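**Student:** First the structure, then my questions, so here it is.
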Amino acid sequence: MPNPSVPSTDQVAQATATLAQAKDYLRTQPPVSDVLPLLAGLLDEDTGVPILLGDVLRSAARLIAEQTSTETDEIRLIITGLREAAQEATDWHVLHWDVQRLRGYASKAAGPATAT
């Protein structure tokens, strides 16, 4: 498997700008039926934001632990904070199931289509 390329600061900024755009869109109170596909992607149980953010934080903690030549109490606190935040973010993956349940409710609320 080839090594992934280093994301640029512009790419990271674009990713956070996209999340900000989603946040702003949700504040316009769009129909839930329009929101569910966005939430499904954001909260996907395998590739959604919680899983990716948890992996990023966990990897950062590991790198800091491996590459810091002087391990101080402050460095240990930073590493612990990153690991705890990673676990907390990853725990949010269960929201994926909430989106699935909402989809079920939305389809029931829409009811069967009537032929004309």
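The values are calculated or read from the model by the stated rules, or taken from the named source; none is laboratory data. All values derive from a computational prediction rather than experimental measurement. Glycine gets a Cβ as well: all are built from the backbone with ideal geometry, and neighbour counts include every protein chain shown.
**Student:** Suppose the filter is within 19 Å of Leu19 (Cα to Cα) and free of Cβ contacts under 8 Å to residues at least 12 places away in the same chain; does Thr47 pass it?
**Tutor:** Considered against the rule, which asks whether it is within 19 Å of Leu19 (Cα to Cα) and free of Cβ contacts under 8 Å to residues at least 12 places away in the same chain, Thr47 comes out as yes.
**Student:** Return the residues of region 1-60 that are assigned to a helix (DSSP H, G or I), under 30 Å from Leu77 (Cα atoms) and over 17 Å from the mean Cα position of the chain (by Cα); say none if nothing qualifies.
**Tutor:** Once the filter is applied, which keeps residues that are assigned to a helix (DSSP H, G or I), under 30 Å from Leu77 (Cα atoms) and over 17 Å from the mean Cα position of the chain (by Cα), region 1-60 yields Thr9, Asp10.
**Student:** Now a separate question. In contact with a Ser or Thr (Cβ under 7 Å, 6 or more places away or on another chain) and either surrounded by fewer than 11 Cβ atoms within 10 Å (Cβ to Cβ) or at pLDDT below 95 (or both) - does that describe any residue in region 33-41?
**Tutor:** There is no residue in region 33-41 that is in contact with a Ser or Thr (Cβ under 7 Å, 6 or more places away or on another chain) and either surrounded by fewer than 11 Cβ atoms within 10 Å (Cβ to Cβ) or at pLDDT below 95 (or both).
**Student:** Next question, about the same structure. Identify all residues within region 63-90 that are surrounded by 14 or more Cβ atoms within 10 Å (Cβ to Cβ) and either under 28 Å from Lys23 (Cα atoms) or among the basic types (Lys, Arg) (or both); write none if there are none.
**Tutor:** Leu82, Arg83, Ala85, Ala86, Ala89, Thr90
**Student:** May I ask you to list pairs of residues, at least six apart or on different chains, whose Cβ atoms are under 7 Å apart, with the first in region 1-24 being in contact (Cβ under 8 Å) with a residue 40 or more places away in the chain and more than 20 Å from Ala40 (Cβ to Cβ) and the second being aromatic (Phe, Trp, Tyr) and not in a helix (DSSP H, G or I)?
**Tutor:** From residues that are in contact (Cβ under 8 Å) with a residue 40 or more places away in the chain and more than 20 Å from Ala40 (Cβ to Cβ), there are no pairs.
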